[in-house]
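Read the structure below first, then the notes.
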There are 2 protein chains.
Amino acid sequence: VRSRPDARRIASRPAFSSVAIVGVGLMGGSLALALRRAWPGVAVFGVDRQAVVERAQEQGAIHYGAEDLWLVAGADLIVLAAPAATNIELLSALLPHAAPDAVITDVGSVKRRIMAAAEQLPVNFVGGHPVCGGTSSGLSAANPDMFAGRQWLLTAGSRTHRDALERVLAMARAVGARPRVVDASEHDRLMAYVSHLPQLVSSMLMRAAGEAVGDHGLSLAGAGLLDTTRLAASTASIWEDICRENGDEIAPALDRMIGLLVELRTSVGTRAPLGLFDEASRWRRRLEELGEIASAGKV
Amino acid sequence: VRSRPDARRIASRPAFSSVAIVGVGLMGGSLALALRRAWPGVAVFGVDRQAVVERAQEQGAIHYGAEDLWLVAGADLIVLAAPAATNIELLSALLPHAAPDAVITDVGSVKRRIMAAAEQLPVNFVGGHPVCGGTSSGLSAANPDMFAGRQWLLTAGSRTHRDALERVLAMARAVGARPRVVDASEHDRLMAYVSHLPQLVSSMLMRAAGEAVGDHGLSLAGAGLLDTTRLAASTASIWEDICRENGDEIAPALDRMIGLLVELRTSVGTRAPLGLFDEASRWRRRLEELGEIASAGKV
């Protein structure tokens, strides 16, 4: 378990004077709530459907909201918090409205495509991926502690100003996250294995078990199945999106996973597949150690 | 999260007067500790290597222990808590020593083979599978609360006396578990999907991710990979054993899992694999509901 420092203890000088968040769902709403608390003097606006911005205002997540992109005009930070493919469309759609010196960032979990799109546009863009979330979605699940102690991966392109990167780093720190700058292509390759593959495997395992054994079988399950399939509760549309956006990195990761299961399949019931489990438990111990190192602030 | 009632509140009349546990590791040691607490008047013996029985005595898990099977002679309940294949060998090995009316049970997670072996012998055997455990192994990880609130699956054969089944049910209840009688073949088929497949998938996922991304990639992982690979920390030899014992049920479960991943693989990056995730999240909700029903005592 990683330590989650109280985000409230961080009293930083705001790196921005007004923030517009496009998409006030789980991530956008949580960021709005966290920024209101971390930077009380900063104006936080939201762009979303009317019903959502009304609820966001009632919850105190945003000062003001609207359905139209013109709202981003007054912001010196614009955060794209819609689904990944929509964020890419938003980049050009908000251009006519955004202030010329506005910094734009996103909170999507795939980075190469949006970085490539930003390279083609006159925008000062910093890619962002807060490594957190939840199996619930929407504003009602938003939580200002969402980012506390979690990593926030940032990617810079050739057009990204150094100053913009520093200010987005400060924003991530202000909400309690541990930001790290990574290469966008490397990010997507690594996430295919440590985030996307676990999701796909978890969902397919849940489906395999549910379809094969039904209620009676599931009622006999212990904690192992519950842990291993927790991610299967995630919102389907988000994963449909990620499979499309990061398909060329996910495909080889799936191939590797299928290869290992086939290797295991051929040895089950015949020779002992001991090496396969030993190797896995060594990596698991390493994962736990790395988590401890990270939560001790050494990463 | 399932509720775990305090095992201490259960003050049952002991169904046995003395219990011999063969194999004082994580499961055997936990059962010894739990029985000492639940049935203070009952003698608990342990058979294991000398160093283990000495530690078990020091910990107060057993009254007395030895390396030799003759120790089971005085017991009216004999619990086999060695690895699955060893338990089957023990069944015939302890025959010359066991009292003729002794009830024998085991705590292995595969049931068909040991039930078939017991059918061939003049033993009063009840198959048992407490659905719990942990990624640690050995007596040092033993814990008297191990069984509290957990299921304990029991299987009966044609030689099993009704009275023996009732007394083993009482023993499982005495240590706080929720016992259920199931068919041995059905048990192994269901466990292949809800227990063995999750373990194999978790281990292979950990291996795929670790080998592909190394320390740097693992250091970027969020809670999803941690949950999904928790089981990968399990003791390799136990799973080697289970793969061998239940190979003919595990093989089709692995085939089904591989089939779903291949189906997903062909749709990644092309058409939307939405149905695959929707189906998975429906089963996940059902799994959570069934867990709530079970912990409410309705199963």
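The values are calculated or read from the model by the stated rules, or taken from the named source; none is laboratory data. Since the structure is predicted, the reported quantities are computational estimates derived from the model, not experimental observations. Methodologically, a virtual Cβ is constructed for each residue, glycine included, from the backbone with ideal geometry; neighbour enumeration extends over all protein chains shown. Keep in mind that these areas ignore ligands, DNA and RNA; they rest on the heavy atoms of the full protein, side chains included. Shrake-Rupley method; radii C 1.70, N 1.55, O 1.52, S 1.80 Å.
Summary table
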read-out	value
Cβ pairs under 8 Å, 6+ apart, first in the range B:65-91 and farther than 23 Å from B:S137 by Cβ, second of a type in the set (D, E)	B:D76/B:D101
Qualifying residues in the range A:57-81 (those that are of a type outside the set (V, I, T) and touching a Leu at 6+ places or on another chain (Cβ under 6 Å)) - the one most open to solvent (accessible area, probe 1.4 Å)	A:L69
Options B:G269, B:G275; residue that is within 26 Å of A:V110 (Cα to Cα), at pLDDT below 95 and facing chain A (nearest Cβ under 7 Å)	B:G269
Boolean, B:G176 is more than 30 Å from A:H129 (Cα to Cα) and either in contact with a Leu (Cβ under 6 Å, 6 or more places away or on another chain) or part of a loop (DSSP other than H, G, I, E, B) (or both)	yes
Residue check, A:A84 at pLDDT below 95 and surrounded by fewer than 23 Cβ atoms within 10 Å (Cβ to Cβ)	yes
Residue within the range B:233-241 that is open to solvent by 50 Å² or more (accessible area, probe 1.4 Å), closer than 30 Å to A:E289 by Cα and modelled with pLDDT under 85 present	yes
In the range B:190-224, residue farthest from the other protein chains (Cβ to nearest Cβ) [restricted to those that are closer than 12 Å to A:L225 by Cβ and open to solvent by 20 Å² or more (accessible area, probe 1.4 Å)]	B:S195
Among residues of the range B:142-173, those that are outside any strand (DSSP E or B), modelled with pLDDT of 95 or more and of a type in the set (V, I, T), counted	1
Answer residue from the range A:242-252, given it is buried (at least 20 other Cβ atoms within 10 Å of the Cβ) and more than 7 Å from chain B (Cβ to nearest Cβ) and is farthest from the chain's Cα centre (by Cα) among those	A:E249
Residues that are crowded, with 20+ Cβ neighbours inside 10 Å and either of a type in the set (K, R) or on the phi < 0 side of the Ramachandran plot (or both), drawn from the range A:168-178	A:V168, A:M171, A:A172, A:A174, A:V175, A:A177, A:R178
In the range A:256-265, the residues that are open to solvent by 50 Å² or more (accessible area, probe 1.4 Å) and either at the interface with another protein chain (Cβ under 7 Å from one of its Cβ atoms) or at pLDDT below 90 (or both)	A:R256, A:V262, A:R265
Output for the range B:69-83, where each listed residue is touching a strand residue (DSSP E or B) at 6+ places or on another chain (Cβ under 8 Å) and among the aliphatic types (A, V, I, L, M)	B:L69, B:L71, B:V72, B:A75, B:L77, B:I78, B:V79, B:L80, B:A81, B:A82
